[in-house]
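Below is one structure, written out as structure tokens; the observations come after it.
FYI, it's all coordinate maths here, none of it is from the lab. All values derive from a computational prediction rather than experimental measurement. Here the Cβ is made from the backbone with ideal geometry for all residues, glycine too, and neighbour counts use every protein chain on show.
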Ligand code: ADP
Ligand code: MG
């Protein structure tokens, strides 16, 4: 740091104020997202190494990672299959080998007999004695032995042209400034909160995390559970929550059309429904209505277990848009699901005189042109499709509402980008997002802090839980008999073939084979087949035939996973169910038990089962409750995968872990409320500290 550093300097100093940082290094640091001195402080270690003591060679065990020091007894080049350099080091307590596959003459000299060296590396069993392959080493002058590291050694995320050592030296400089109070790093959590929550101070936490003392509990640190790490994890989760809340706040400043009309369409729709809405559906519908009657864009997430009846709720929202003379777009993640929505919405809305259009990536050129023209002209009032709806050159006439089904595949950036694409003349469409992934409330409030949440927490009446059995595939004959029995009773059956080695082709092949075989054995019944490689109209025909009761048995790949709705289907067989995750199994099983008859699901597996697979199938057998299953799924897989955040880039966390740190979430919520209310300046600073300007819109 040069002379200009003063007490008054804030942590937002440019990096070039540090020794050793010129434009080139600054450029490389920026690849790591490090642009200020503060960024460097918050560039946190990935893990630690213990180089704080020298271990006697005689006490080493295979698997240890250690610093050793001793005299070179012998160094020689060996010519085997590969040329290598072998050294032998002794310290009076024992001997150990060093093995190098890549070396030069210089290295050979460095390790000349009689020289004292200090090495660091992982010890393993060698041919004659313990050895270390490619240790880090340095020559040591026996008359002035250097000190060992006074701290655990932090290992940082690095980038091309920027090594651990450089990062460590830079961090050293900044930590020195911090220790000497020459750097002002404001603690952005409210002081009373820190005291109340018994949290260490930020400065103490940072110093500890970058340079843990030699007696620090390495195991606790490597799990990220140390109190100092938790202090930062709290702050990081808080920053993310605040950033989402801010997005929400921003959207509340925007304008949206009020979706309110005469109400005739809605009345006609409700009258024509063959059932009445459940209490939960009615509640959620009125929450939606409250939102869309405001001139502010709705951002609402509806969570509802499979079969809870989300589609009809979405239809009500769509009708409000139509009544207000605006268009509504309904988007689903898969072709099959979008097709089904199209059929549903057409069946419901066409009799009311509403024009429902269909748009998918697979439309032929002429049909697409026609669809696009009718969307642009405003003729198409409701448009159903896959996310081709927003990827392509679609011009809406006046879009008032976007419905996104099964949203767990979309992240915050996609949501934002969708809304922006739908905006016209400063008016933003309302957004309704529906998910069948129920997640615990506190977690939802963190990762969906930009959304209002509604829950359909009630199934339509008369549903009976699906009885689930788990059977090894040796019992296939029994299973086929069971299928035969069900068909004979007039119930329809799904037979699901699962993904083999991530290959759709093989999966389709397996489904074709299964269909052929089952059609032979069950020759008196009508067997159909759907898989991802069939033509769309062929798929649709088969699905329609199954839905109309013209097929008894439907053999399918997991393409039917989401949303497919055939209430008379009472039995589902899933082959190789051990290959599927909990939420996928739950989604699939949700295809049965939609009518009022008792239904069953047979999970066939191919043994032996891994511990995890065993646990999954056990959970499926025990419960039908989507929330319970989601909780277990979080335990087994972690939130990133459950919420699909890993793919979508939502919440890229440096030190916090949504699963490990769930206990912090209530405190995060509480802090967020306090900060927004009483410390609005700190909100910006916190977001900037942890997220920077990374919150940019991504492509859908
Ligand atoms: P999901 O929430 O999984 O998308 P769907 O919207 O597909 O559920 O609805 C599942 C089934 O429940 C459909 O057959 C639908 O017609 C039926 N359903 C929805 N609401 C009710 C209700 N209130 N009473 C009876 N059946 C209903
Ligand atoms: Mg659905």
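Hey, any idea what the orientation-averaged projected area of the convex hull of the stretch 509-549's Cα atoms comes to, in nm²? Spelled out: convex hull of the Cα atoms, projected over all directions, averaged, 3.0 nm². Counting Cα-Cα pairs of the stretch 254-377 in 5 Å increments starting at 0 gives whole-percent bin shares of 2, 9, 18, 22, 21, 16, 8, 3, 0. Normalised by the number of residues in the chain, the average gap of Cα pairs under 8 Å and 6 or more apart makes the relative contact order 13 percent. Our Cα-only numbers for the stretch 1-145 put the radius of gyration and Dmax at 20.8, 63 Å. Seen against the Cα atoms of the chain and their longest principal axis, helix 536-547 is set at about 60 degrees. Largest first and in whole Å, the equivalent-ellipsoid semi-axes of the chain read 56, 36, 22, each the square root of five times a Cα gyration tensor eigenvalue.
For the stretch 125-164, the Kirkwood estimate of hydrodynamic radius, built from reciprocal distances between every pair of different alpha carbons, is 14.1 Å. Pairwise Cα distances in the stretch 383-499 exceed 20 Å for 63 percent of all pairs. The stretch 283-333 gives an Rg/Rh value of 0.95, both radii derived from C-alpha positions and Rh following Kirkwood. Taking every alpha-carbon pair under 8 Å whose residues sit at least 6 apart, the stretch 405-501 reaches a relative contact order of 19 percent. Fraction of C-alpha pairs exceeding 15 angstrom in the stretch 445-484: 68 percent, rounded to a whole number. One quarter of the convex hull surface built on the alpha carbon atoms of the stretch 66-147 amounts to 5.5 nm², the projected area averaged over directions.
The Cα atoms of the stretch 521-605 give a gyration tensor whose axes a ≥ b ≥ c have a/c under 1.5, which makes the shape rounded. Legend: translational diffusion of the stretch 439-518 by Stokes-Einstein, Rh = Kirkwood radius over C-alpha pairs, 25 °C, 0.890 mPa s; D = 143 µm²/s. All alpha carbon pair distances within the stretch 230-308 were sorted into 5 Å bins beginning at 0; the resulting P(r) in whole percents reads 3, 11, 14, 17, 16, 13, 10, 7, 4, 2, 2, 0.
Rg and Dmax of the stretch 168-321, both derived from C-alpha coordinates alone, stand at 25.7, 75 Å. Once the stretch 114-200 is represented by equal point scatterers at the alpha-carbon sites, with solvent omitted, what log10 I(q)/I(0) does the Debye formula produce at q = 0.11, 0.17, 0.27 Å⁻¹? Taking Cα atoms of the stretch 114-200 as identical point scatterers yields -0.61, -1.02, -1.26. The stretch 174-238 gives an Rg/Rh value of 0.97, both radii derived from C-alpha positions and Rh following Kirkwood.
Quick check on the stretch 333-427: take the gyration tensor over C-alpha atoms, sort the square-rooted eigenvalues as a ≥ b ≥ c, and tell me if it's rounded (a/c under 1.5), prolate or oblate.
Here the stretch 333-427 falls in the rounded category.
Is the shape of the stretch 469-611 rounded, prolate or oblate, going by the alpha carbon gyration tensor and its root eigenvalues a ≥ b ≥ c, with a/c under 1.5 for rounded and a/b larger than b/c for prolate? Rounded, since a/c falls under 1.5. Computed from Cα atoms, the angle from the helix 310-323 axis to the main principal axis of the chain rounds to 70 degrees.
Judged by the mean number of other Cβ atoms found within 10 Å, the most tightly packed of the peptides 436-445, 314-323 leads the ranking 314-323, 436-445. With the helix formula -39500 (n - 2.57) applied to DSSP H stretches of n ≥ 4, the chain reaches a computed 222 nm mean residue ellipticity of -12000 deg cm²/dmol.
Highest average first, the peptides 106-118, 224-236, 281-293 ordered by how many other beta carbon atoms sit within 10 Å of their residues are 224-236, 281-293, 106-118. On the principal axes of its alpha-carbon atoms, the stretch 48-105 has extents of 34, 28, 21 Å, going from largest to smallest.
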